[in-house]
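The values are calculated or read from the model by the stated rules, or taken from the named source; none is laboratory data. Computed from a predicted model, the values in this text were never measured in an experiment. We place every Cβ from the backbone using ideal geometry, glycine too, and count neighbours over all the protein chains shown. Heads up: the accessible areas ignore ligands, DNA and RNA and are worked out on the full protein's heavy atoms, side chains in. Shrake-Rupley method; radii C 1.70, N 1.55, O 1.52, S 1.80 Å.
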Amino acid sequence: MTKLRVLYATSEAYPLVKTGGLGDVSHALPTALRQLDVDIRILIPGYPQVLEKLSLLEIHEDLELFNYSVRILAGIMPDGLTPVYVIDCPALYQREGGPYQTAAGHDWSDNALRFGLLSKVAALFGDHEFLFKPDVVHCNDWQTGLTAAFLAYSTAPRARTLMSIHNVAYQGTFGAEMVGLLGLPPESFNMLGLEFYGMMSFLKAGLYYSDWISTVSPNYAREIQTPAFGNGLDGLLALRHDQLTGILNGVDINFWNPEADQYIFSPYTKSNLAGKRKNAQALRKKLGLSLAKADRSPTGYKPLLGVVSRLTSQKGLDLFIPIIPEIVNGAEGAQVVILGSGDQELENRLQQLAEMLPGKVSVTFGYNEELAHQIEAAADIFIMPSRFEPCGLNQMYSMRYGTIPIVRRTGGLADTVIDATPENLEQQGLATGFVFEKEDSRELLQTIKRALQAFRDKNTWRKLQQNCMNRDFSWKNSAKQYIALYSKLVQQ
Ligand code: ADP
Ligand code: GLC
């Protein structure tokens, strides 16, 4: 049998460039697929971070697209496994700042061109004799949404297209004039096309024109077909429900591994969690949290609650902030450590809390991979009160580190965390965390209290930690589901 050939078009991939879970998935899924013998290759824009981290680039192809000179470079991911094609277009990508935004947090004003180019190059791979001829172009989020539109209007034999939604809340909408500037036919600007309330929508293009749609958890696949979660695209998604599949993300079990994590202070295993306590003490010292001993605590210290998150309304941290004083000052005397970046108002409120509650609350702003791992290893409890969550990776990282997640029952959080009700706790290996329903601070507080009560019971806590650490969150099963989907598409 010939190998399946897949081009994985993405706007971020760890360790080249990452702003969130898409970066993790764009590294871990291709890795898992290559290990299952799929010839998958990544396509990514040549931001400075990408060019710096890929030293052995060969020049393969010179193009003129949207009046820009564009070169396609070829390299290999730093782990030596997955080939990468990089779109080198200095006028659009060579600049200080993030992949989507300026350093000051404003969207780049030419994002339609920047990601129109990514989509266009992905489409060229899909219908030209060109470097690599994929059977499937696998697109990710709005930044690659136009690929399916370009290919739908192509007259050449073309690859099949799969559009993966990592977050339907980000849609890439731009003025209608971009349709012509990006070389799409005027008829595409239609309700049955890429038009969305008078604008052009990259994501809608992907959802309308792709051969198949996937998203990153089965529950989110259902939710986005409803007005509450569909962000205006629920009608189209419901219409295409026969071609919409939810495949749960996995995690990179080598990189997120308490036994061999290069970033943490002390490695540990599920049979010996002494190292976890050392991580907690080391992190307290590093961040200036109190090292005082606590009675009635199985760790001998106060319970440590961790957060690693983008600070946006999606993540629901505004539900957590108002109850932090009660949690750290109340009978529980918990400590809170937060790493995040994003919304300025949330940053200000968190900063004030940290100043008001020294030794009890620590906040760090900015993107910090090392600290993210250290928090996962050190915390007893991980807080994720998301309003919506397509999949969520941090709750799975937490479980691997024996850090018990508290999550809202939504999206992939509902698919991955099993509530520690008395009945579930009685069943061997079942309960893995604490789940609440409403977007409500009081309900979150009650759930945290429920978790802290369980924490004080050494046996219950140990059981939860074992249940979590025994779960298999590797990519293997999900990667096989992608292979089945690619194969079905190729046979269509
Ligand atoms: P999302 O993609 O919506 O942000 P996920 O849970 O899928 O949520 O993935 C978030 C990823 O980004 C995780 O790998 C998490 O550790 C990481 N992350 C989020 N914020 C930060 C930060 N400030 N510093 C370092 N890593 C972060
Ligand atoms: C998005 C979602 C997150 C998901 C990630 C990777 O950023 O917000 O829930 O885990 O993509 O698919």
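Figures for the structure shown
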item: Total residues in segment 65-79, condition open to solvent by less than 50 Å² (accessible area, probe 1.4 Å) and without any contact (Cβ under 8 Å) to a residue 24 or more places away in the chain; result: 1
item: Residue selected from segment 24-71 under the condition modelled with pLDDT of 95 or more and among the β-branched types (Val, Ile, Thr), by the criterion farthest from the chain's Cα centre (by Cα); result: Val70
item: Residue in segment 345-357 that is assigned to a loop (DSSP other than H, G, I, E, B), crowded, with 16+ Cβ neighbours inside 10 Å and assigned by TED's automatic domain parsing to the domain that holds Gln446 present; result: yes
item: Residue check, Thr364 in a loop (DSSP other than H, G, I, E, B), open to solvent by 20 Å² or more (accessible area, probe 1.4 Å) and under 14 Å from Ala379 (Cβ atoms); result: no
item: Subset of segment 306-332 (residues that are buried (at least 17 other Cβ atoms within 10 Å of the Cβ) and at pLDDT below 95); result: Glu332
item: Any chance Ala221 is in contact (Cβ under 8 Å) with a residue 24 or more places away in the chain and more than 27 Å from the chain's Cα centre (by Cα); result: no
item: Considering residues of segment 184-227 that are within 16 Å of ligand 1 (Cβ to nearest atom) and hydroxyl-bearing (Ser, Thr, Tyr) only, the residue surrounded by the fewest Cβ atoms within 10 Å (Cβ to Cβ); result: Ser214
item: Matching residues, segment 147-170, being open to solvent by less than 40 Å² (accessible area, probe 1.4 Å), within 16 Å of ligand 1 (Cβ to nearest atom) and either outside any loop (DSSP other than H, G, I, E, B) or without any contact (Cβ under 8 Å) to a residue 40 or more places away in the chain (or both); result: Ser164, Ile165
item: Qualifying residues in segment 367-388 (those that are touching a strand residue (DSSP E or B) at 6+ places or on another chain (Cβ under 8 Å) and over 17 Å from Leu311 (Cα atoms)) - the one surrounded by the fewest Cβ atoms within 10 Å (Cβ to Cβ); result: Ile381
item: Matching residues, segment 174-203, being out of contact with any Ser or Thr (no Cβ under 9 Å at 6 or more places or on another chain) and part of a loop (DSSP other than H, G, I, E, B); result: Gly175, Ala176, Gly183, Leu184, Pro185, Phe189, Asn190, Met191, Leu192, Gly193, Gly198
item: Candidate set: segment 39-61, residues that are part of a strand (DSSP E or B) and open to solvent by 40 Å² or more (accessible area, probe 1.4 Å); chosen: the one farthest from Leu117 (Cα to Cα); result: Glu58
item: Wholly within segment 374-437, strands (runs of 3 or more DSSP E) carrying at least 2 residues that are within 16 Å of ligand 2 (Cβ to nearest atom); result: 381-384, 404-408
item: Hits in segment 176-218 - residues which are in contact (Cβ under 8 Å) with a residue 60 or more places away in the chain and of a type in the set (Gly, Ala, Ser); result: Gly183, Ala205, Gly206, Ser210, Ser214, Ser217
item: Scope segment 302-348; condition over 25 Å from the mean Cα position of the chain (by Cα) and either basic (Lys, Arg) or under 22 Å from Thr19 (Cβ atoms) (or both); matching residues; result: Lys302
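Here is a yes/no grid of residues against (1) outside any strand (DSSP E or B); (2) open to solvent by less than 60 Å² (accessible area, probe 1.4 Å); (3) aromatic (Phe, Trp, Tyr):
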site	(1), (2), (3)
Leu7	no, yes, no
Ser11	yes, yes, no
Ser26	yes, yes, no
Pro30	yes, yes, no
Asp37	yes, no, no
Leu63	no, yes, no
Val84	no, yes, no
Glu96	yes, no, no
Ala103	yes, no, no
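The rows are residues; the columns are (1) in contact with a strand residue (DSSP E or B) (Cβ under 7 Å, 6 or more places away or on another chain); (2) assigned to a helix (DSSP H, G or I).
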{"residue": "Asp261", "(1), (2)": "no, no"}
{"residue": "Phe265", "(1), (2)": "no, no"}
{"residue": "Arg284", "(1), (2)": "no, yes"}
{"residue": "Leu289", "(1), (2)": "yes, no"}
{"residue": "Asp295", "(1), (2)": "no, no"}
{"residue": "Val307", "(1), (2)": "yes, no"}
{"residue": "Pro322", "(1), (2)": "no, yes"}
{"residue": "Val337", "(1), (2)": "yes, no"}
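Here's the yes/no breakdown for (1) at pLDDT below 95; (2) open to solvent by 40 Å² or more (accessible area, probe 1.4 Å); (3) among the acidic types (Asp, Glu):
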site	(1), (2), (3)
Asp88	no, no, yes
Tyr93	no, no, no
Pro99	no, no, no
Phe115	no, no, no
Ala122	no, no, no
Gly126	no, no, no
Glu129	yes, yes, yes
Gly172	no, no, no
Val179	no, no, no
